[in-house]
1. Modelled label-to-label distance, residue B:134 and residue B:275, 7 Å Cα→beta-carbon offset: nm?
2. Using the Cβ atoms and a cut-off under 10 Å, what net charge is assigned to the surroundings of residue A:129, where Lys and Arg are +1 and Asp and Glu are -1?
3. At most 11 other Cβ atoms within 10 Å and a DSSP loop assignment: could you name the chymotrypsin sites (Phe, Trp or Tyr not before Pro) in segment B:124-210 that fit?
4. Please identify the trypsin sites (Lys or Arg not before Pro) of segment B:239-295 that satisfy two criteria: DSSP loop assignment and at most 14 other Cβ atoms within 10 Å. Which are they?
5. May I ask you to evaluate 6.51 cos²θ - 1.76 cosθ + 1.60, the Karplus curve with θ = phi - 60°, for each residue of segment A:165-176 and list the ³J(HN,Hα) values in order in whole Hz, giving x for glycine and proline?
6. Specify the inter-centroid distance of segment B:284-308 and segment B:265-280, based on alpha-carbon positions, in whole Å.
7. On a straight-distance basis, which aspartates and glutamates could pair with residue B:135 in a cross-link, Cα separation under 15 angstrom, same-chain partners fewer than 8 positions away excluded?
8. Please find the FRET efficiency linking residue A:74 to residue B:167, where r is the Cβ-Cβ separation and R0 is fixed at 56 Å, and quote it to the nearest 0.05.
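Just so it is clear, none of the values below were taken in a lab; they were calculated from the coordinates. Because the structure is predicted, anything quoted here is derived from the model rather than measured. Please note: Cβ atoms are built from the backbone with ideal geometry, for glycine as well, and neighbour counts cover all protein chains shown.
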Amino acid sequence: MRRGSAVLPIFILITWILVLPVIALDSGNTDHQDTSNNTDTVYKGGSQNPDIPDFFVPPPPFSEGIFPCSGCHKEMKPNKQRRKLEMFHQDIELKHAGPQQWCLDCHNADDRDKLHLIDGRLIDFKESYLLCGQCHGTNFRDWKAGVHGKRTGEWNGKKLYRLCVHCHNPHQPRFKPLAPKPPPVRPEDIK
Amino acid sequence: MSKKIRNNPLGIKLNRRNFIKGSAMGLAASALPLTKKADASFLDVFFQKHFREMSKQEIQEVLDRFEKTYSEEYGKKVSVKATPAIPGVLFGYGLDLSRCIGCRRCVYACVGENNQSRDPQIHWITVLRFKNGEKWVDLENSESYYNPAEVPEPDHFYMPVQCQQCENPPCVRACPTQATWKEPDGIVVVDYNWCIGCRYCMAACPYGARHFNWSKPNIPPDELNPETHYLGNRPRYNGVVEKCTFCIQRTRAGKYPACVEVCPVGARKFGNLLDPASEIRYCIENKRVFRLKEDLNTYPKFYYFFAT
């Protein structure tokens, strides 16, 4: 069934009202810099790539209510046109690899709950490092060794990694500045 | 063991003003037959042997005594362990200067984990700021009080400095009471009950990594980390020296140090130098690492590098 564009905003509104309370339960984290220590819901990584030893990553840091994407996109026709998004996702401003890259280079057009690699293979969001690793080989290699990005847990045992997107917003990947903690007290001010 | 540790009665860590009185008492008491009783008494502390000369059982008695004392003082259950080094482990640390943004999260995570005094303030980690292109590694003339609204600042880079856990530690040689030594896993530790506060070790340390308690450390009881190690983060006394121990209470239990875990940019790396699969070995083998003041032959086990 084909939906006219005038129906779409109404459709979105309805979806929001109906779907939001449900998917909000599955909420994630808006802050891309928060390196979540939530270990209750870790995913086992490395399942698709024999290069990568098993390890654990926290869930993807989605903003509240956005996932599953199919909640809206199942009913929508993918629009492969590069354009300014006006009806939704207006907050996403793509500043990554210049004008060469567009949404559907990473997101999968037909099943929006997945990402796709260059060879067409579909991957879950919890394995988004495979996507990033295609273009950032050195960082990816270092990351697997625990040297780019961070790991917590046991230095001689079970480790929890962070996804690339826990630190880098995939749409504007430069690490965001932070407020520093207070400087030390100067010696002359110590009583 | 060839080298016998001197049994130095100056190693007592108690009210220094009562020192003369104390040593007089000690002399008097030494004439009496001593009964071994685990009791937080003045004499037990006074006659505590050097840590490395104590038997397992003697250590346990000491730990029990301190657990009792600290638990009473802070009004909550404090555990004091003396977990020994894991055989076949030599700890090493890596710090990626191309990632560090100088946010000081590590400084305060360390204070909380390791029970540093809040006021007067003691920080085991100091983050230095340098301008790009500046003659750096000139630690003495660096800026550690920077305080912009956001970090990183353009054209600057940051270098956190803490105890470098030297293989050849000048501080250990400077200590007149053998209150500080290097453990088999490479961690340089201090026994606060043997430290007499002479601060020779501080003068000997080329990295400014040792800190002195000018008065009784002040830690709000609700902020005290009750998981402590005798040679690490147990509460300290007035008049003793302290420093980073690679979070001995965590790392000997298999955990990463607190500064590694808190670092938002993942600049801090830690592991076993003797394990070829460890992340620290990966850094040493794949990155151009350097150590601070290498010319002093201190052989730090703290490696700095630029990943990019």
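1. Between residue B:134 and residue B:275, the simple spin-label model gives 3.7 nm.
2. Details: positive: A:126, A:144, A:162; negative: A:127.
So the environment of residue A:129 carries a net charge of +2.
3. Details: sites: B:124, B:130, B:136, B:145, B:146, B:157, B:158, B:181, B:192, B:194, B:200, B:207; in loops: B:124, B:136, B:145, B:146, B:192, B:194, B:207.
Passing sites in segment B:124-210 are B:145.
4. Working: sites: B:243, B:250, B:252, B:255, B:268, B:269, B:281, B:287, B:288, B:291, B:293; in loops: B:243, B:252, B:287, B:288, B:291, B:293.
Of the trypsin sites (Lys or Arg not before Pro), the ones in loops of segment B:239-295 whose Cβ has at most 14 other Cβ atoms within 10 Å are B:288, B:293.
5. 3J(HN,Hα) across segment A:165-176, in whole Hz: 6, 5, 10, 10, 4, x, 8, 9, x, 4, 4, 6.
6. Using only Cα atoms to place each centre, the spacing works out to 13 Å.
7. The qualifying aspartates and glutamates are B:143, B:155.
8. Working: r = 61 Å, r/R0 = 1.10.
After rounding, the FRET efficiency stands at 0.35.
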